[in-house]
Each structure stands twice: as structure tokens, then as C-alpha cells.
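*Asks:* One structure, as C-alpha cells, below. Some questions next.
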Amino acid sequence: MKVYGRCHGCKKPFSVRTDAHTRVEFAMNHGEVYQSSCTNCGFTSRVHVDKLKAKPVKVTFLLIGMAIAIGAIILLYFLFFVDRPYVIVLTTLPFVVYFIIKKQDQTRVSDFNSRKLKGRTHNIV
Ligand SMILES: [Zn+2]
């Protein structure tokens, strides 16, 4: 997942790749105030974790989509040339996996964005 903030110098957005699912986790990994050196103007911004916003990673979905497309073509080949019932399961499986991953990512993003760190700091330890 990627988390987005804005440079205090030039207002250009920056992104941070993180495994954190919530702001609390993010604060544990990166600190409550995230420091970012702007690649555009060089200004070092100190952004509070509550000001950061999560967005779904689009590239991941593109890669998953490509993998599914390639997988579907291979599976369709087997569907027409091999007459076995498990082929149908294998054909639907990538789509099920895709929707599970997509749903999990959406949940992560909305979890991150909906819960603020303020007032929860005492829950970390
Ligand atoms: Zn900047």
C-alpha cells in the first residue's frame, strides 16, 4: 500500500510505500511525524501521520490483471483440449483471488484513512 502526503515547500505530493495497515502501525514503523525530503525542491517536510492518506496501489492490480489474463488464456486452452471438471475450478480461481486481494486492499486503505492516531497513542504499547 502507498501512503501520500504533500511537500510543505512546493506542495508537490509524495508517496511512501508501507506495510502498515493503520496509522498506528505506520507511526510504529516510521514515527508519528514522518520526515520526507522532497525530490522536487529538496525541502524536508515533517508530516504528521494523521495528515497522510492511503491510496490503493494501481500497479499491483495491473500486474494481477495481466497474470489473470495470461492464466485465463492458458486455462481456456486446457478447458477446450482437456475434458476435466477441475479445469472450471482453476478458471474461476484467479478471479476469486483477484477479488479477495482487491477487497483486502480496499479494506486496508479505508482502515488507514478512517482511523486517526490522535488520542490512540496510549494504545500502541
Ligand atoms: Zn517540494
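*Asks:* Scan the range 104-119 and report the pairs whose first residue is under 11 Å from T22 (Cβ atoms) and open to solvent by 40 Å² or more (accessible area, probe 1.4 Å) and whose second residue is modelled with pLDDT of 90 or more and assigned to a loop (DSSP other than H, G, I, E, B), with Cβ atoms within less than 8 Å and a gap of 6+ or a chain change.
*Replies:* Within 8 Å, the pairs are D111/T22; R115/T22.
*Asks:* Name the pairs: first residue in the range 1-17 and in contact (Cβ under 8 Å) with a residue 12 or more places away in the chain, second residue away from the ligand (no atom under 15 Å from the Cβ) and of a type in the set (G, A, S), Cβ to Cβ under 9 Å, at least 6 apart or on different chains?
*Replies:* These pairs meet every condition: M1/A20; M1/A54; K2/A54; V3/A20; V3/A54; Y4/A54.
*Asks:* Provide a single number: the residues in the range 36-80 that are touching a residue at least 12 places away in the same chain (Cβ under 8 Å) and open to solvent by 80 Å² or more (accessible area, probe 1.4 Å).
*Replies:* We begin by selecting, within the range 36-80, every residue touching a residue at least 12 places away in the same chain (Cβ under 8 Å); these are 36, 38-43, 45-57, 60-61, 64-65, 67-68, 71-72, 75-76, 78-79.
Restricting the remaining residues to those that are open to solvent by 80 Å² or more (accessible area, probe 1.4 Å) gives 39-40, 43, 46, 51, 53, 55, 78.
Count: 8.
*Asks:* Follow-up. If I ask for residues that are within 10 Å of A54 (Cα to Cα) and open to solvent by less than 30 Å² (accessible area, probe 1.4 Å), which ones from the range 1-19 would you list?
*Replies:* The answer is M1, V3, G5, V16, T18.
*Asks:* Can I ask one more? Restricting to strands (runs of 3 or more DSSP E) lying wholly in the range 1-80: which have 2 or more residues that are within 16 Å of the ligand (Cβ to nearest atom)?
*Replies:* Answer list for the range 1-80: 2-6, 13-17, 33-37, 44-48.
The values are calculated or read from the model by the stated rules, or taken from the named source; none is laboratory data. Because the structure is predicted, anything quoted here is derived from the model rather than measured. Every residue, glycine among them, receives a Cβ derived from its backbone with ideal geometry; neighbour counts consider all protein chains shown. These accessible areas exclude ligands, DNA and RNA; they are computed on the full protein's heavy atoms, side chains included. Shrake-Rupley method; radii C 1.70, N 1.55, O 1.52, S 1.80 Å.
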